[in-house]
Amino acid sequence: NKKRIDLISKISLFCWISSCSCTSLVEIGKLRRLSTSMKKLEKDLKGIDKHENDQYQAKVHKYNNRSLALVKAALDIVVAAGLHQLAPKKIIPVS
């Protein structure tokens with residue numbers, strides 16, 4: 001019974017790592033798309049202060065939220081790898 005529980009927990013951790021990896025890739029794609037959209041909007045607002053534009057502010061807010069989601073997903077990958085003991089237990093400095 002213990003072997004089965006260990007197997008299920010390992011499968012669960014691998015699924016979590018996969019989920020976080022996919023989330024990271026999706027967030028990177030959305031950030032690139034949003035960044036391109038922001039650059040295009042900056043070109044359109046060349047003579048106007050972009051920080052006063054509501055559309056630009058909304059995109060900056062979305063960009064910040066997506067960046068935070070990307071950082072969270074990256075940290076979740078690190079935590080899952082640590083729980084699964086995929087990282088070495090001893091850190092050896094390279095000379």
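The values are calculated or read from the model by the stated rules, or taken from the named source; none is laboratory data. Predicted model only: the values in this text are computed from it and were never measured. Every residue, glycine as well, gets a Cβ built from its backbone with ideal geometry; the counts of neighbours run over all protein chains shown. Ligands, DNA and RNA are stripped out before the accessible areas are found, and what is left, the full protein with its side chains, is counted by its heavy atoms. Shrake-Rupley method; radii C 1.70, N 1.55, O 1.52, S 1.80 Å.
At-a-glance table
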read-out	value
Gained length - I8 relative to V71, 0.36 nm times residue gap less alpha-carbon distance	19.9 nm
Cut-off under 5 Å, modelled amide H: who pairs with N53 long-range	none
Global form of segment 1-57, assessed from the alpha-carbon gyration tensor, a/c cut-off 1.5	prolate
Whole-Hz ³J(HN,Hα) from phi, Karplus 6.51 cos²θ - 1.76 cosθ + 1.60, for segment 27-36, glycine and proline x	5, 5, x, 5, 5, 5, 5, 5, 5, 4
Spin-label model distance (nm) - S21 vs K39, 7 Å beyond Cα toward Cβ	2.9 nm
Highest to lowest packing among 35-44, 59-68, scored as the average C-beta count within 10 Å	59-68, 35-44
Euclidean distance between Cα centres, segment 19-57 to segment 60-85, Å	19 Å
Karplus-derived 3J(HN,Hα), 6.51/-1.76/1.60, for each residue of segment 45-60, Hz, glycine and proline x	9, 4, x, 9, 5, 5, 6, 9, 7, 5, 5, 5, 4, 5, 5, 5
Qualifying aspartates and glutamates (Cα of each under 19 Å from Cα of K46; at least 8 residues distant if same chain)	D54
Probe 1.4 Å, all protein chains present, accessible-area order of I5, I17, I77, I28, largest first	I5, I28, I77, I17
